[in-house]
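Take a look at the structure below.
The values are calculated or read from the model by the stated rules, or taken from the named source; none is laboratory data. Note that this is a predicted model, so its numbers are computed, not measured. When we count neighbours, we look across all protein chains shown, and the Cβ atoms used for this are built from the backbone with ideal geometry, even at glycine.
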Amino acid sequence: MEKDYEIYEVFSQKEPTGKYESQFSLLAPSPEIALAMAQENFLRREDPPANLFVVNRRHIHFISPEARVALRRMDNKAYRMPGYYGRVLKKWHELKARRGIGDRLLKVEEDG
Amino acid sequence: MSIFDLPAVREDPEQVEAFLARIDRGEKIEADDWMPMDYRLQLVKLIAMHGISEIMGAFPEKEWVPRAPTLRRRLSLMAKVQDEMGHGQLLLRVAEDLIRPFGKTREDILNDLYAGRLKFHNVFHMPAPTWADAALIGWLVDGAAIITQKMLVQGSYAPYVRALRRIIMEERFHAFHGEDMSQALGDGTPEQRKMLQEALNRWWDALLMFFGPPEEEQMPSNQLKNLRYRIRTKTNEELRQEFLSKYVPQIWALGLTVPDETLRFDEATGRWVYRHPDYSYLRNVIGRNRGPRSEARLHLRRSAFEHNRWVREALLARQAVQKEAAIV
């Protein structure tokens, strides 16, 4: 049976602007049946999704287990994070005060 | 070709050590990671049995769908039965990915079931003669399953954990559904109460057996392995104690009597004392598919498989034609 049925990975989106979420996989004889089964198997009681799609697993390229180990990141990427530049806000406050610029003219926004 | 016949391979002891160290660090194992053949075999045994039990477990309940007392009850029960089949599909997918490297498929899993090599859970060999049995299955059998699954979801094999997370989410509906049916009967007319009490009397031993024999001085080797591989994290007896702590008070709250006059909570040890069922029944009767409903339910499954064969083949034929057309 499965010797000819293929594995489909099922993805859905909650909202049109949302990310693609993996639901699970299923066995089906064709993409059309896979789509019908995906709704039955994974979206019986959830809120209706904005979109749903299936991908034949043969067409997904997975990173190898050996390479996965290299995904672990060293703890040296702080300069990529906004928190690293926290001194900026303090500096703006300091400069404002020094030049006598009021809050109405220069707002210092916490979230950049 | 049984799914349990995995090739014997010589494994590098260092690689096995490294694998066990990953388990000890609490890492999760993926389907394409290297794993000892024995770890794979333990997973296949557990997950294929779990998956097939979801499917066989839908049978005693499905018998009550056309006979449910009201339309509302019928809708809920039908939804629940569909969930169980869905859980079966999820779990079979996880099992299939484990046996796939050896050319084995879902069909091999089903053939192992029909040949008696793959067992399904003991509770699903039992009859469900009244509506109260359907209620009690939803309440206590599902309750026992939830306790087991909450332990298994802590396990080391990531694909199984992902399937269990979805299953556990859906089981929350099953638990309330079963409790709702049982409350209606337990808090109903004297006749309804009697019906529920009789169902409890019928199911009590099977419920205790659900968790398997207690581990005494010597832990069975399979159990030890599963604990070592962190496929499971609690013993049978620990799970049974949890079940008793959660459900005996509910049984009492419904004014029902547990059919075991020795049952009591021992404050000193913090454990339930109870009369053990005859666990040899598990091995000698259920284990050989000789339970009251074993054969009938296997027959139902097998005949569904045979009767629907033409559908599977027709779908494949259509796909083959399309492929051919694409080549031309």
Study note, to complete from the structure: By residue number, the members of the range A:53-79 that are within 14 Å of chain B (Cβ to nearest Cβ) and either modelled with pLDDT under 90 or surrounded by 13 or more Cβ atoms within 10 Å (Cβ to Cβ) (or both) are A:Val54, A:Asn56, A:Arg57, A:Pro65, A:Arg68, A:Val69, A:Leu71, A:Arg72
Review point. In the range B:76-116, how many residues are surrounded by fewer than 19 Cβ atoms within 10 Å (Cβ to Cβ) and touching a Pro at 6+ places or on another chain (Cβ under 9 Å)?
Key: 2
Review point. Got at least one residue in the range B:157-164 being modelled with pLDDT of 95 or more, not in a helix (DSSP H, G or I) and not small (Gly, Ala, Ser)?
Key: yes
Review point. Which of the residues spanning the range B:291-328 are of a type in the set (Asp, Glu) and more than 15 Å from B:Tyr114 (Cα to Cα)?
Key: B:Glu313, B:Glu324
Revision key, fill the gap. For B:Glu107, the lone unmet condition from (1) within 11 Å of chain A (Cβ to nearest Cβ); (2) in contact with a strand residue (DSSP E or B) (Cβ under 7 Å, 6 or more places away or on another chain) is (2)
Review point. A:Lys96 versus (1) facing chain B (nearest Cβ under 9 Å); (2) surrounded by 15 or more Cβ atoms within 10 Å (Cβ to Cβ): which is the lone unmet condition?
Key: (1)
Check your understanding: Do you know which of the residues in the range A:80-93 that are basic (Lys, Arg) and loosely packed, with under 10 Cβ neighbours inside 10 Å is nearest to the chain's Cα centre (by Cα)?
Key -> A:Arg80
Revision key, fill the gap. Within the range A:8-52, residues assigned to a strand (DSSP E or B), crowded, with 16+ Cβ neighbours inside 10 Å, more than 11 Å from chain B (Cβ to nearest Cβ) and not hydroxyl-bearing (Ser, Thr, Tyr) come out as A:Phe11, A:Leu52
Revision key, fill the gap. Quick count over the range B:64-101, residues being within 13 Å of chain A (Cβ to nearest Cβ) and either outside any helix (DSSP H, G or I) or not aliphatic (A, V, I, L, M) (or both), is 13
Exercise for review: Take B:Gln218 and decide whether it is among the polar types (S, T, N, Q) and not in a helix (DSSP H, G or I).
Suggested key: yes
